[in-house]
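These notes are about the structure you will find just below.
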Amino acid sequence: MLSLHCPHCDLTVEETELSPGGEAHLTRHGPGSDDDSFEEYLFLRPNLKGPTLERWRHAYGCGKWFIAARDTATMQVFGTYPAQRGDCPPEIRDRMEGAT
Ligand SMILES: [Zn+2]
């Protein structure tokens, strides 16, 4: 079972307390964008195997969103950080790159 650390309430919780939110740091395209950009934003995901950044919500806890850096093939977790942060912290990025 997947266990992730919530950076907001400083607890490590099981996957059953969390809700997945998909790929992190998407470039959002609104109604004013062209059809191809909007389609890409809504429907197209690379669904990578290996180190990736995902959005998770601590649904049965504090209710806040955070980003988890983990390997989708090995389930190794490299770290988590609040979703309000605009990019991956360098120490977590280094751990992800060291795993590949
Ligand atoms: Zn929490």
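The values are calculated or read from the model by the stated rules, or taken from the named source; none is laboratory data. Everything numeric here is computed off the predicted structure, so don't read it as measured data. No Cβ is skipped: glycine too gets one built from the backbone with ideal geometry, and neighbour counts run over all protein chains shown.
Go through region 16-28 and give me each residue that's assigned to a loop (DSSP other than H, G, I, E, B) and within 15 Å of the ligand (Cβ to nearest atom).
Result: Leu18, single match.
If only one of Val13, Val77 is away from the ligand (no atom under 12 Å from the Cβ), touching a residue at least 12 places away in the same chain (Cβ under 8 Å) and either within 12 Å of the chain's Cα centre (by Cα) or surrounded by 13 or more Cβ atoms within 10 Å (Cβ to Cβ) (or both), which one is it?
Answer to the selection: Val77.
Please go through region 16-27 and pick out each residue that is in contact with an Asp or Glu (Cβ under 8 Å, 6 or more places away or on another chain) and surrounded by 12 or more Cβ atoms within 10 Å (Cβ to Cβ).
Pro20, Gly21, Glu23, Ala24, His25
Exactly one condition in (1) modelled with pLDDT under 95; (2) out of contact with any Asp or Glu (no Cβ under 6 Å at 6 or more places or on another chain) is not met by Arg45; state its number.
Among (1) modelled with pLDDT under 95; (2) out of contact with any Asp or Glu (no Cβ under 6 Å at 6 or more places or on another chain), Arg45 violates only (2).
Which of the residues spanning region 1-40 are acidic (Asp, Glu) and touching a His at 6+ places or on another chain (Cβ under 7 Å)?
Residue satisfying the conditions is Glu17 alone.
Looking at region 44-60 only, could you name the residues that are more than 22 Å from Gly98 (Cα to Cα) and touching a helix residue (DSSP H, G or I) at 6+ places or on another chain (Cβ under 6 Å)?
Tyr60
What's the total number of residues in region 85-100 that are closer than 15 Å to Leu26 by Cβ and surrounded by 10 or more Cβ atoms within 10 Å (Cβ to Cβ)?
Residues in region 85-100 being closer than 15 Å to Leu26 by Cβ and surrounded by 10 or more Cβ atoms within 10 Å (Cβ to Cβ): 3 in total.
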